[in-house]
Structures are given as C-alpha cells and as structure tokens.
Amino acid sequence: MPFTGHLEELRSCLIRSFLAVAVAFLVCFEFVETIFSFLTAPLRSAQAPGLILIGTGVPEAFFTKLKVAFIASLFFSSPVLLWQAWRFVAPGLYPHEKRYARRFVFFGTLCFFLGAWFCYEVIFKAGYGFLLRRYQVIDVRPAIRIGEYLSFSSNLVLAFGIIFELPVLSYFLTRIALINHRFLIRQFRYAIVLTFLLAAILTPPDIVSQVLLALPLTLLYGVSIGVAYIARTK
C-alpha cells in the first residue's frame, strides 16, 4: 500500500473511532449521575472522619459531568477502538497472522476492563483508605475537590487498563515473531526503569501513587515473559 493509502486508512480508522466514542459519550451522559456515584464510591467508603467532596468553581459540576461521560465512553467504545487499531496494522501482516484479529479484540477488551476493575477494587480501596487516614493522624478534616479527585482517579483507571494490555501485546507480538521471551528477559532491567518512569508520568507527583502503579506493571511484565514463552512454544 502506498503512503497515501496508509493515510487514507488512518483517516478512516480515526473517523470510525471518533464516531464510536461520540455515540458512547451521548449514551453515558444520560447515566452520568449513576457513573459518578460509582466512581466516587471508593472514596466515600474510605471511612475518613469528616470527609466531604467539594466544588470550588461555578462550572465545575458541569465540566465534571462531561469528564465522567467521556471517561466512561472510552471504556465502552474500547472494543471498537481496538478493532480499528487492528484494521490499521492488518495490511502489513501475513494472512495467517490476520487470523488473530478477533482474539486480539476480545482479549484486549477483557484485559482492559480487568485492569480497570483491579484498579477500582484493589488500588482504590486500599490506597484511598491509607491516604485519607493520614489526615486523621494530623487531625485535619479532608475536603477533596471533585475535579482533582476525578483527574487522579481517571488517570489511574485508564493507566491500569492500558498496562493490563501488556500480556496481550506480548502474545501477539510473539506469535508474529517480532519478539520472544528471551528478548523480554534481556530487557528486564530497562523495563524496570521505564516502569517507574511511566508511573511518574501517569500519576500525580507523590511516591505512593507511583508505587501503586509501578508494582503491578512490573508484575505484568513478568507475566508477559511467561505468555511469550507459551506463545513461542505452541
């Protein structure tokens, strides 16, 4: 395919992805109050004495609803986004490699939601409880800005959703012979450095958030090595 053909294909994939997100956004906006309650449930259940959620600007509630709907739309449109990503790279693959399309979309979506679930059920519940208890230790009543909480939480949820794609990518890249388990083992030291660098970029500037993201990412890299080994020896 010539360069202009790749650009046309990219344009087509981007338009379809945008439409999928836009439709999901409109649907999610209808249920934004329910989604918002779901996102704030881990914070409210942290049992921090005197905890309140506050807004400090006139339009903050409206923009918060838009952000919540947009974040939810990314999750619900993720199968379409993954399918469009596959469509874009498929012309460069051999026919036998294109057979993995459905499995890539299925397991990619599954791991994306699994990463988000892990963040919500494990990281949020353990992390928020620990962080909010620090207020109690210094006898301060926590008043959390809803905009800051949403940005912090959404960054972590999306980050965990993305990093849980690592074993899926490892499997398919191994099956098309771009990498293998030996390559991943040799790059382990560099992966650790990149893990903490990525955690520092995706999370707020505090060591607790970075560790909460870096440790699961390191574990997933180890899982990816095992996945690559299994894929290679099939």
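Please treat every number below as a calculation from the coordinates, not as lab data. Model, not experiment: these values are computed from the prediction. When we count neighbours, we look across all protein chains shown, and the Cβ atoms used for this are built from the backbone with ideal geometry, even at glycine.
Can you compute the helix-only [θ] at 222 nm over the chain? Use -39500 (n - 2.57) per DSSP H run of at least 4 residues, normalise by all residues, nearest 500 deg cm²/dmol.
On the way: 11 runs with 176 residues, N = 234.
Calculated mean residue ellipticity at 222 nm is -25000 deg cm²/dmol.
Quick check on the exposure proxy: order Glu165, Glu60 from fewest to most C-beta atoms within 10 angstrom.
Numbers: Glu165 20, Glu60 15.
If I rank by nearby Cβ atoms, fewest first, I get Glu60, Glu165.
So if I average 1/r over every pair of distinct C-alpha atoms in the range 132-234 and take the inverse, what Kirkwood radius in Å does that give? List each step's numbers first, then the result.
On the way: mean 1/r = 0.0647 Å⁻¹.
Mean inverse Cα-Cα distance, inverted, gives 15.4 Å.
Taking the beta-carbon count within 10 Å as an exposure proxy, list Cys13, Cys119 from fewest neighbours to most. Spell out each step's value before the answer.
Details: Cys13 18, Cys119 24.
Listing Cys13, Cys119 from fewest to most nearby Cβ atoms yields Cys13, Cys119.
Considering the chain, what Rg and Dmax in Å follow from its alpha-carbon atoms?
Considering the chain through its Cα atoms, Rg and Dmax are 20.2, 65 Å.
Would you compute the Debye intensity of the range 119-190 from its alpha-carbon atoms alone, equal scatterers and no solvent, and pass along log10 I(q)/I(0) at q = 0.18 Å⁻¹ to two decimals?
The Debye formula, applied to the Cα set alone, gives -0.83.
For the range 1-77, what is Rg from Cα atoms divided by 2.2 N^0.38 Å, rounded to two decimals?
On the way: Rg = 18.3 Å, N = 77, 2.2 N^0.38 = 11.5 Å.
Normalised Cα radius of gyration, the range 1-77: 1.59.
Where in the chain are the DSSP H helices whose alpha-carbon span along the long axis reaches 27 Å or more and whose Kyte-Doolittle mean is at least -0.5? Could you put the intermediate results ahead of the total?
Numbers: long enough: 3-30 (41 Å, 1.15); 207-232 (37 Å, 1.66).
What comes out of the filter, once short or polar helices are dropped, is 3-30, 207-232.
Most exposed first by the Cβ proxy, i.e. fewest other Cβ within 10 Å, how do Phe113, Phe62, Phe164 rank?
Details: Phe113 16, Phe62 10, Phe164 24.
Final ranking by Cβ density, sparse to dense: Phe62, Phe113, Phe164.
Any idea what diffusion coefficient the range 115-160 gets from Stokes-Einstein, in µm²/s, Kirkwood Rh on alpha carbon pairs, 37 °C, 0.692 mPa s?
287
Nothing charged except the Cβ atoms of Lys and Arg (+1) and of Asp and Glu (-1): what's the magnitude of the dipole of the chain about its Cα centre? Round to the nearest 20 debye.
For the chain, the charge dipole is close to 780 debye.
Of Ser45, Ser154, Phe88, which is farthest towards the positive pole of the chain's charge dipole, taken about the Cα centre with +1 and -1 on the beta-carbons of Lys, Arg and Asp, Glu respectively?
Phe88
Which value, in debye to the nearest 20, gives the size of the charge dipole of the range 103-234 about its Cα centre, when Lys and Arg are +1 and Asp and Glu are -1 at the Cβ? Show your work: numbers first, answer last.
Values: 12 positive and 5 negative charges, 97 e Å.
That gives the range 103-234 a dipole magnitude of about 460 debye.
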